[in-house]
Amino acid sequence: MLYESEKKVLEIIWKQEGIAAKEIAKLLEPTGWSKSTTYTIISRCMEKGLVRREGKYNCYSMISREKAQQESIRETLDSFFDNSAVSFFAAFTETRNLSEEEKQELREMIDRLK
């Protein structure tokens with residue numbers, strides 16, 4: 001499971017692979033995080049295999065944004081929708097007004113599944 005705090009750190013690393021941990025801490029200061037909070041989250045990400053550090057300070061992602069999104073969707077399907085894509089899609093479309101363009105894109109995606 002990818003927590004929101006881990007996602008914040010990963011978002012920064014995805015934008016700037018190799019960024020120093022202290023730079024991540026500076027970027028997260030406006031959110032109210034202290035330097036030690038940021039370092040703790042980076043350490044957790046390392047323990048989970050999401051981030052690696054080279055040298056003492058430079059951080060690199062070990063998971064792509066796409067892979068993280070896929071895993072998050074899979075976890076959501078499992079925990080909230082009894083692993084049913086149909087239930088997920090029904091809930092999604094009930095809470096959002098799709099544009100005609102989005103509807104067409106979804107139709108095309110479904111057609112490609114045939």
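One table, with the values for the structure above:
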| read-out | value |
| --- | --- |
| For region 1-58, accessible area per residue (1.4 Å probe, heavy atoms of protein chains only), Å² | 63 Å² |
| Virtual spin-label span in nm between Thr93 and Leu2, 7 Å along Cα→Cβ | 2.6 nm |
| Size of charge dipole - the chain - debye, nearest 20, with Cβ of Lys, Arg +1 and Asp, Glu -1, no other charges | 640 debye |
| Nonlocal Lys pairs with alpha-carbon distance under 21 Å, the chain (8 or more apart, or different chains) | 27 |
| For the chain, built as a Gaussian network whose Cα springs stay under 10 Å, the top-fluctuating residue of Ser61, Ser34, Ser99 | Ser99 |
| Neighbour-limited loop hits for chymotrypsin sites (Phe, Trp or Tyr not before Pro), region 1-56 (at most 13 other Cβ within 10 Å; DSSP other than H, G, I, E, B) | Tyr3 |
| Max mean-square fluctuation residue, GNM over the chain, Cα-Cα springs under 10 Å, options Glu100, Glu71, Glu17 | Glu100 |
| Distance between modelled label sites at Glu101 and Met62, nm, 7 Å Cα→Cβ extension | 3.9 nm |
| Amide H contacts of Ile19 (H built 1.01 Å from N, under 5 Å, at least 5 apart or other chain) | Cys59 |
| Of all accessible heavy-atom area on the chain, the percent that carbon and sulfur account for (1.4 Å) | 52 percent |
| Of the DSSP H helices in the chain, those whose Cα atoms cover at least 15 Å axially and whose Kyte score averages -1.0 or more | 4-15, 35-47 |
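The values are calculated or read from the model by the stated rules, or taken from the named source; none is laboratory data. Every value quoted in this text rests on a predicted model; they were computed, and no experiment measured them. Here the Cβ is made from the backbone with ideal geometry for all residues, glycine too, and neighbour counts use every protein chain on show. Quick note on the areas: whole protein, heavy atoms, side chains included, nothing else; ligands and nucleic acids left out. Shrake-Rupley method; radii C 1.70, N 1.55, O 1.52, S 1.80 Å.
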